[in-house]
Amino acid sequence: MRDGLGRQIDYLRVSVTDRCNFRCQYCMPARGKIWFPREEILSFEEIHTLVRDVFIPLGLTRIRLTGGEPLLRQGLATLVTLLRGEPALEDLALSTNGVLLEAQAGGLAAAGIDRVNISLDTLEGERFRRITRGGNLEIVLRGVRAALEAGMHPVKINCVVVPGLNLEDVIELARLTIELPVHVRFIEFMPVGDRELFEARGTVTISDVAGRLRERFELVPVAAPPAGNGPADHLAIRDAMGTLGFIHPMSRHFCDACNRLRLTANGHIKACLLTSGELDLKTPLRQGASADELRQLVQSAVAIKPDWHHMGDRVQALTMSQVGG
Ligand code: SAM
Ligand code: SF4
């Protein structure tokens, strides 16, 4: 499917829950978040129906399960199995904070998850606890190892770099790639959800991060970047097992090549992460709309996908956990 500007849209991020067992500073407010009511959340059957009858026929054949924290959703492997039953599905990935991964990696890989992105912003335990507001670093590191052992490939580590929070941690995170075949990606902090934090911290550009790493390591180009659906510049520390990725949504936006659509946990379509405006797909689905009618709705949302996110001047009101990252 192509949008109004001719961009090919083939990648769908499906948020299976807006709940989370962390409250990362850059993603959610410390308290007071109101979750979507349970009855508003799409069931696995509803997600499967939409993927099979609406998204795959429209050409969205690459899917990532996200959240909130997707592993909090009971029986997630059941959804993975349902989606894997669709022969046209090309790629099924997962984004997680890793807390429940040690227990679930084997089952999810067996059910058909190809690859995983794990959020990890520091390797210093106390700072990790502060950033995530209570998380335990060791548990997440065990989740990273479990994903590697389960054969998920590639295993990517996502680090959102926030000035004053974890800028100094980029060196140790990059060092992880020397010993482990993981792909560590540094992501610019985006003004989503927490206006105050963004205004207080601002953002550090990803070229600053690369500059810091160059002072410590010899960085070389990557011949074969790890599989993925997103825009990243790739480098590696010479002779390392893994690679480094640099993602710059703010300093050098990649909207021209945007290939994605988002389905929120309450069944709304979001054509642009950083622009307000959603289209309710759940209500017509539950009212018995035909697959053809639902496809037309999706096409209407995609047709007006904005040319770029026009950020910098505004802060998106929904939190990342509500949109799915
Ligand atoms: N809970 C899962 C996780 O943490 O990976 C999946 C959902 S989370 C919303 C998806 C991604 O969004 C994570 O990699 C997270 O670091 C990123 N994210 C959240 N808030 C962000 C922000 N303000 N700027 C940039 N990335 C953000
Ligand atoms: Fe939860 Fe992921 Fe957001 Fe952290 S980034 S609060 S783990 S949804």
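The values are calculated or read from the model by the stated rules, or taken from the named source; none is laboratory data. These numbers come from a predicted model, not from an experiment. No Cβ is skipped: glycine too gets one built from the backbone with ideal geometry, and neighbour counts run over all protein chains shown. Surface areas here come from the heavy atoms of the whole protein model, side chains and all, with no ligands, DNA or RNA. Shrake-Rupley method; radii C 1.70, N 1.55, O 1.52, S 1.80 Å.
Conditions (1) at pLDDT below 90; (2) more than 19 Å from Met28 (Cβ to Cβ), marked per residue:
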{"site": "Ala150", "(1), (2)": "no, yes"}
{"site": "Val161", "(1), (2)": "no, no"}
{"site": "Gly164", "(1), (2)": "yes, no"}
{"site": "Leu167", "(1), (2)": "no, yes"}
{"site": "Val170", "(1), (2)": "no, yes"}
{"site": "Arg185", "(1), (2)": "no, yes"}
{"site": "Gly193", "(1), (2)": "yes, no"}
{"site": "Phe198", "(1), (2)": "yes, no"}
{"site": "Ala210", "(1), (2)": "no, yes"}
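Show me the strands (runs of 3 or more DSSP E) found entirely inside region 183-294 where at least 2 residues are crowded, with 19+ Cβ neighbours inside 10 Å.
In region 183-294, the matching strands (runs of 3 or more DSSP E) lie at 233-237, 243-247, 260-263, 268-270.
Any idea how many residues of region 114-129 are in a loop (DSSP other than H, G, I, E, B) and either more than 19 Å from Gly75 (Cα to Cα) or open to solvent by less than 10 Å² (accessible area, probe 1.4 Å) (or both)?
The total comes to 5.
Restricting attention to region 1-58, report how many residues are of a type in the set (Gly, Ala, Ser) and within 24 Å of Pro191 (Cα to Cα).
3
For region 203-223, name all the residues that are under 17 Å from Asp121 (Cα atoms) and of a type outside the set (D, E, K, R).
Thr203, Val204, Thr205, Ile206, Val209, Ala210, Leu213
Being surrounded by fewer than 22 Cβ atoms within 10 Å (Cβ to Cβ), under 20 Å from Lys282 (Cα atoms) and at pLDDT 95 or above narrows it down to one of Glu90, Glu102, Glu45, so name that one.
Answer to the selection: Glu45.
What is the residue count in region 88-100 for residues that are of a type outside the set (S, T, N, Q) and within 12 Å of ligand 1 (Cβ to nearest atom)?
5
How many residues are touching a helix residue (DSSP H, G or I) at 6+ places or on another chain (Cβ under 8 Å), assigned to a helix (DSSP H, G or I) and among the hydrophobic types (A, V, I, L, M, F, W, C) when one looks only at region 130-153?
Summing the residues that are touching a helix residue (DSSP H, G or I) at 6+ places or on another chain (Cβ under 8 Å), assigned to a helix (DSSP H, G or I) and among the hydrophobic types (A, V, I, L, M, F, W, C) in region 130-153 gives 6.
Every residue in region 27-68 that is closer than 23 Å to Asn259 by Cα, within 15 Å of ligand 1 (Cβ to nearest atom) and among the charged types (D, E, K, R), please.
Scanning region 27-68 gives a single hit, Arg64.
Looking at Arg31, Arg19, Arg52, Arg64 in this structure, which one is surrounded by fewer than 22 Cβ atoms within 10 Å (Cβ to Cβ) and not in a loop (DSSP other than H, G, I, E, B)?
So the residue among Arg31, Arg19, Arg52, Arg64 that is surrounded by fewer than 22 Cβ atoms within 10 Å (Cβ to Cβ) and not in a loop (DSSP other than H, G, I, E, B) is Arg52.
Quick check on my filter: what residues within region 69-87 are of a type in the set (A, V, I, L, M, F, W, C) and either within 16 Å of ligand 1 (Cβ to nearest atom) or free of Cβ contacts under 8 Å to residues at least 12 places away in the same chain (or both)?
Leu71, Leu72, Leu76, Leu79, Val80
If you check every pair at least six apart or on different chains, which have Cβ atoms under 8 Å apart with a residue in region 247-264 that is of a type in the set (Asp, Glu) first and a residue that is open to solvent by less than 30 Å² (accessible area, probe 1.4 Å) second?
That search, which allows pairs on different chains as well, returns Asp256/Arg7.
Taking only region 168-182 into account, find how many residues are within 16 Å of ligand 1 (Cβ to nearest atom) and surrounded by fewer than 17 Cβ atoms within 10 Å (Cβ to Cβ).
Number of matching residues: 0.
Is it fair to say Ile63 is of a type in the set (Val, Ile, Thr) and more than 22 Å from Asp114 (Cα to Cα)?
no
Among the candidates Gly75, Gly59, Gly98, Gly32, single out the residue that is at positive phi and in contact with a helix residue (DSSP H, G or I) (Cβ under 7 Å, 6 or more places away or on another chain).
Of Gly75, Gly59, Gly98, Gly32, the one residue that is at positive phi and in contact with a helix residue (DSSP H, G or I) (Cβ under 7 Å, 6 or more places away or on another chain) is Gly98.
Looking for something among the charged types (D, E, K, R), within 15 Å of ligand 1 (Cβ to nearest atom) and under 30 Å from Leu60 (Cα atoms) - is there at least one such residue anywhere in region 149-157?
Looking for residues that are among the charged types (D, E, K, R), within 15 Å of ligand 1 (Cβ to nearest atom) and under 30 Å from Leu60 (Cα atoms), one finds at least one in region 149-157, hence yes.
Can you say whether Val155 is within 16 Å of ligand 2 (Cβ to nearest atom), open to solvent by less than 10 Å² (accessible area, probe 1.4 Å) and touching a Lys or Arg at 6+ places or on another chain (Cβ under 9 Å), as far as the supplied structure shows?
When the stated conditions are applied, Val155 does not pass them.
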